[in-house]
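Heads up, the thing below is written out as structure tokens.
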Amino acid sequence: MVSITEIENFWTRGDLHSRINQAMLDSGLNNKKLEIEDLFPIDQYHARGIGATKDLGKRMPITKNQKILDVGCGLGGPARYYAKEFKCHITGVDITPSFIEIGNNFNRLTSMSTMVDLYVGNGEKLEFEDEVFDGAYSQHVTMNISDRMKFFSEIYRVLKKGSFFAFTEHGLGPEGDPIFPLPWADNQEMSFLLPLENTNAILKEIGFINIKLIETGDKYIEGYEKLIQKQPKSEKPTLGIHVIGGSSMHERSINSMRSIKENRTLPFEIVCEK
Ligand SMILES: C[S@@+](CC[C@H](N)C(=O)[O-])C[C@H]1O[C@@H](n2cnc3c(N)ncnc32)[C@H](O)[C@@H]1O
């Protein structure tokens, strides 16, 4: 089993606070009031960045003042975007303490602290009462979840009846065996991919209904191609997900793109209801 320290080390790759401070300084964003858009290049910690967040947002029927849960919220980028877009309140939980610390600081810098709260927590054991949220989402997190039944059951438990759950993930493709290291795992020990039909069956067994599965492989290949072209050292933008993912992000992105192209992994958006 992977320890919390190993998880923190995997996601932060050394002194993440210093790398972010330096990148903010270099791009002229330090010590000033920011708009949430200023942080999009660095706070959407998944392939396809803000584009993927916007796409998932189109699938979520969020209305004003609703209470929405983000499981595996990372640095809170998607939470800030949805909170502003839908004028709702977002509670985010993430297992990596540094991400929560930096994310709450980003909330302050963008004046979003009253709309977004981020906490350290494990999606497999949520510390919330039953049926308190009007909706939940989870972007690119389930690949790290060994017990999907527990993870999805916890989300089901904290959702009100009639509310939605939306998530994106890389499922296991028909060819299997993804190429490591990947953006979410350096090796098999941290990666728990499931074929789409298994994920669908687990959601049904828990009680989720109206399950919609949308394949997004082509969009991800296109997104990775753009990211990889941008990444040679000389042309790297000051702010980008390489600041978070470190020097191996280039190789990990290439492996993720190849894994999709070779049908080893299959990216999906999944939306369902309680
Ligand atoms: C690829 S990042 C996505 C972050 C964020 N959802 C986003 O899209 O910007 C995956 C995140 O899942 C978090 N994570 C992994 N396992 C988790 C767990 N059991 N509970 C909560 N968060 C978890 C990691 O710490 C990391 O922040």
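Tell me, what is the FRET efficiency for residue 263 and residue 8 to the nearest 0.05, using R0 = 25 angstrom and their Cβ-Cβ distance as r?
0.15
Hey, how many Å between the Cα centroid of segment 118-183 and the Cα centroid of segment 32-80?
Computed from Cα coordinates, the inter-centre distance equals 16 Å.
Under 11 Å from the 7 Å Cα→Cβ point of residue 196, by amide nitrogen: which residues of segment 246-274?
Under 11 Å, as judged by backbone N against the label point of residue 196, lie 266-270 of segment 246-274.
In debye, nearest 20, what is the charge dipole magnitude of segment 39-178 about its Cα centre with +1 on Lys and Arg Cβ and -1 on Asp and Glu Cβ, if you could check?
620
Among 203, 34, 128, whose Cα projects farthest towards the positive end of the dipole of the chain, with charges put on the beta-carbon of Lys, Arg (+1) and Asp, Glu (-1)?
Of the listed residues, the answer is 34.
First measure r as the distance between the Cβ atoms of residue 17 and residue 187, then evaluate 1/(1 + (r/R0)^6) with R0 = 30 Å and state the FRET efficiency to the nearest 0.05.
0.70
Do the sum for the chain: with -39,500 (n - 2.57) for every DSSP H run of n ≥ 4, divided by all residues, what is the mean residue ellipticity at 222 nm, to the nearest 500 deg cm²/dmol?
Computed ellipticity for the chain at 222 nm equals -12000 deg cm²/dmol.
Just add up the charged neighbours of residue 135: K/R +1, D/E -1, any other residue whose Cβ is under 13 Å from the Cβ of residue 135.
Cβ neighbours under 13 Å give a net charge of +2.
For the pairs 32/87; 33/161; 67/150, flag any whose C-alpha to C-alpha distance is greater than 29 Å.
Listed pairs above 29 Å: 33/161.
Where does the charge balance sit around residue 161 when Lys and Arg score +1, Asp and Glu -1, over other residues with C-beta under 14 Å from its C-beta?
Local charge sum for residue 161: -1.
Quick one: compute the contact order of segment 62-126, relative version, from alpha carbon pairs under 8 angstrom and 6+ residues apart, as a percent.
Relative contact order comes out at 36 percent.
If we count every other residue with Cβ under 14 angstrom of residue 39's Cβ, Lys/Arg +1 and Asp/Glu -1, where does the sum land?
Every neighbour counted, the sum reads +1.
Across 10 Å bins from the origin, how do the percents of Cα pairs in segment 4-273 run, short distances first?
7, 31, 38, 20, 3, 0
Enumerate the lysines that residue 261 could reach by cross-link, defined here as Cα to Cα under 20 Å, with residues fewer than 8 away along the same chain left out.
By straight Cα distance, residue 261 reaches 219, 226, 230.
FYI, it's all coordinate maths here, none of it is from the lab. This structure is a prediction, so every number in the text was calculated from the model and none was measured. Don't worry about glycine lacking a Cβ; one is built from the backbone with ideal geometry, like all the others, and counts go over all protein chains shown.
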